[in-house]
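Report on the structure given below.
The values are calculated or read from the model by the stated rules, or taken from the named source; none is laboratory data. Computed from a predicted model, the values in this text were never measured in an experiment. All Cβ positions, glycine included, derive from the backbone under ideal geometry; neighbour counts span all protein chains shown.
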Amino acid sequence: MYREVITALLFVNTLALAVPIFTMQVFDRVVPAEEAGIPTLTMFGLGMLAVVLLDFFLRQTRRRIMQRDALVTRVELLESKREVDQLQGQIATIKLSIPRTQAALTEANNRIEETRLQFRREVQVQLGETEVSIARA
């Protein structure tokens, strides 16, 4: 893409030399010839008109290429911002879910511990009853 811009820039800069060359040729060929230099001046004028139009066309082309590149860059920037926002939202969701998950794990561990203690008490009660019935027998 930048190759096109550089090529257009080289042509524009080369065409910028046309004005000094035109002026030099007018002074060297047209002014000394007076009346006979009018056809030469006409041709030089038409040549300069072509150079100016070509210069305008190349500048517009370069401007469009640069605007297209800037537009593509802007679209890429907006897409990356949207992706960053989505990722930040996912990160925030994960950060919020971590404490809930930790709380759920802590609650599950507490229930497991309570159930284990309850089973231990029941086993001790049953062992105690079994010892009493063995002692009676």
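Condition test on L71, is it surrounded by 10 or more Cβ atoms within 10 Å (Cβ to Cβ), modelled with pLDDT of 85 or more and out of contact with any Ser or Thr (no Cβ under 9 Å at 6 or more places or on another chain)? So L71 does not fit the description; no.
Does R64 meet the test of being closer than 30 Å to A16 by Cβ and of a type in the set (D, E, K, R)? So R64 fits the description; yes.
Scanning the stretch 2-12 turns up at least one residue that is closer than 30 Å to L71 by Cα, hydroxyl-bearing (S, T, Y) and loosely packed, with under 11 Cβ neighbours inside 10 Å.
Scanning the stretch 99-107 finds no residues that are touching a residue at least 60 places away in the same chain (Cβ under 8 Å), in a helix (DSSP H, G or I) and either charged (D, E, K, R) or farther than 30 Å from Y2 by Cα (or both).
E34 passes every criterion in (1) loosely packed, with under 10 Cβ neighbours inside 10 Å; (2) on the phi < 0 side of the Ramachandran plot apart from (2). Residues of the stretch 89-108 that are hydroxyl-bearing (S, T, Y) and at pLDDT below 85: T93, S97, T101.
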